Amino acid sequence: MIRLHHCHQTRSMRSLWLLHELGVKFDVMVHPFDKSLRSLDYLSVNPAGRVPALEIDDRVIWESGAITEYLCERFPEKNLGRAPGDPERANWLIWVHFAETISQHTAALTQQHIALYDDTMRSPVVMRLEAKRIEKCYGALERRLIGRDHLLDGGFCAADIGVAQALYMARHFAKPDLFPALTAWYGRVTARPAFQKALPPKKADQLYKRDFYEAWDG
């Protein structure tokens, strides 16, 4: 039995996408993105009160990077990971965890634009700084992707999943239009059927109500 605890448009989406790519049987328990994640029932699953959490092999794994590594090692036949000793192992680890670098800036902007309930609590300076930090991440990805179809020369893998999902969220705050290699790669990987399955249903309550949130001028 595999069960993923998930909230729409959060980092658990990368775990959901990965599970679809692996083609394994699993259940999804969708939670609202609210204080219920801090209930005693859910804290018994993930003590940090966050998603994702993955129930598998009679244990619970949380943290999306750890889930990625575990699933790729658990189902190596899909070649979405790179095992120890593989020449691409180091680069695979770098890009799998670079997804979290992007996501931390996106989380700060999600808080600024969406989570804070009073305009006096928001900071135009933070909005602009964090958007620029996302653009720096875009620059690193652009340099990596020039001349490549995927992040690794060996082909599509879980690193593409994690980074593309992070970009899916980051695009709400920083547009990647000036990065052609990045934009082309994002279009390729998000055209995959497994990504489409990981998207929120049309009638689902979504975290992002707009396609883009402009930084305030102050």
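The values are calculated or read from the model by the stated rules, or taken from the named source; none is laboratory data. Since the model is a prediction, treat every value here as computed from it, not as a measurement. Note: ideal-geometry Cβ built from the backbone for every residue, glycine included; neighbour counts use all protein chains shown. We work out accessible area using only protein heavy atoms, side chains counted, and drop any ligands, DNA or RNA first. Shrake-Rupley method; radii C 1.70, N 1.55, O 1.52, S 1.80 Å.
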Sole miss for residue 112 among (1) more than 18 Å from residue 164 (Cα to Cα); (2) touching a strand residue (DSSP E or B) at 6+ places or on another chain (Cβ under 7 Å); (3) crowded, with 20+ Cβ neighbours inside 10 Å is condition (2)
Subset of the stretch 159-169, residues of a type in the set (Gly, Ala, Ser) and under 17 Å from residue 200 (Cβ atoms), comes to 164, 166
Among (1) farther than 29 Å from residue 77 by Cβ; (2) aliphatic (A, V, I, L, M); (3) under 17 Å from the mean Cα position of the chain (by Cα); (4) outside any helix (DSSP H, G or I), residue 151 falls short only on (1)
Residue that is farthest from residue 101 (Cα to Cα), among those in the stretch 50-73 that are part of a helix (DSSP H, G or I) and aliphatic (A, V, I, L, M): 71
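Do we find that residue 48 is open to solvent by 20 Å² or more (accessible area, probe 1.4 Å) and of a type in the set (A, V, I, L, M) in this structure?
Against the criterion (open to solvent by 20 Å² or more (accessible area, probe 1.4 Å) and of a type in the set (A, V, I, L, M)), residue 48 qualifies.
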Residues of the stretch 81-101 being closer than 18 Å to residue 157 by Cα and either part of a helix (DSSP H, G or I) or modelled with pLDDT under 95 (or both), in sequence order, are 89, 90, 91, 92, 93, 94, 95, 96, 97, 98, 99, 100
Assuming residue 168 fulfils every condition listed in (1) open to solvent by 20 Å² or more (accessible area, probe 1.4 Å); (2) part of a loop (DSSP other than H, G, I, E, B); (3) among the aromatic types (Phe, Trp, Tyr) apart from one, which condition is it? (2)
So which pairs qualify, if the first residue must be in the stretch 180-207 and closer than 19 Å to residue 5 by Cα and open to solvent by 50 Å² or more (accessible area, probe 1.4 Å), the second must be outside any helix (DSSP H, G or I) and not charged (D, E, K, R), the Cβ gap must be under 6 Å, and the two must be at least 6 apart or on different chains? 206/8; 206/9; 206/200
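For the condition outside any helix (DSSP H, G or I), aromatic (Phe, Trp, Tyr), at pLDDT 95 or above and surrounded by fewer than 20 Cβ atoms within 10 Å (Cβ to Cβ), what is the one hit in 117, 213? Spell out how you get there, then give the answer.
Values: 117 fails: at pLDDT 95 or above.
Among 117, 213, only 213 is outside any helix (DSSP H, G or I), aromatic (Phe, Trp, Tyr), at pLDDT 95 or above and surrounded by fewer than 20 Cβ atoms within 10 Å (Cβ to Cβ).
Using the structure shown, decide if residue 129 is modelled with pLDDT of 95 or more and open to solvent by less than 10 Å² (accessible area, probe 1.4 Å).
Details: modelled with pLDDT of 95 or more: yes; open to solvent by less than 10 Å² (accessible area, probe 1.4 Å): no.
Against the criterion (modelled with pLDDT of 95 or more and open to solvent by less than 10 Å² (accessible area, probe 1.4 Å)), residue 129 does not qualify.
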When the stretch 120-131 is checked residue by residue, the ones that are in contact (Cβ under 8 Å) with a residue 40 or more places away in the chain and assigned to a helix (DSSP H, G or I) are 124, 125, 127, 128, 130, 131
Odd one out for residue 36, checked against (1) surrounded by 14 or more Cβ atoms within 10 Å (Cβ to Cβ); (2) on the phi < 0 side of the Ramachandran plot: (1)
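Look through the stretch 57-97, keep the residues that are on the phi > 0 side of the Ramachandran plot and without any contact (Cβ under 8 Å) to a residue 60 or more places away in the chain, and return whichever of them is least open to solvent (accessible area, probe 1.4 Å). Working first, answer last.
Taking the stretch 57-97 as the starting set, the residues that turn out to be on the phi > 0 side of the Ramachandran plot are 57-58, 63, 79, 85.
Pick out the ones that are also without any contact (Cβ under 8 Å) to a residue 60 or more places away in the chain and you get 57-58, 63, 85.
Values: 57: 59, 58: 166, 63: 96, 85: 79 Å².
So, considering only residues that are on the phi > 0 side of the Ramachandran plot and without any contact (Cβ under 8 Å) to a residue 60 or more places away in the chain, the one least open to solvent (accessible area, probe 1.4 Å) is 57.
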Residues of the stretch 1-25 being surrounded by fewer than 18 Cβ atoms within 10 Å (Cβ to Cβ) and either of a type in the set (Phe, Trp, Tyr) or assigned to a strand (DSSP E or B) (or both), which ones? 3
Pull up the stretch 88-137, narrow it to residues that are touching a helix residue (DSSP H, G or I) at 6+ places or on another chain (Cβ under 8 Å) and charged (D, E, K, R), then point me to the one that is nearest to residue 9 (Cα to Cα). 100
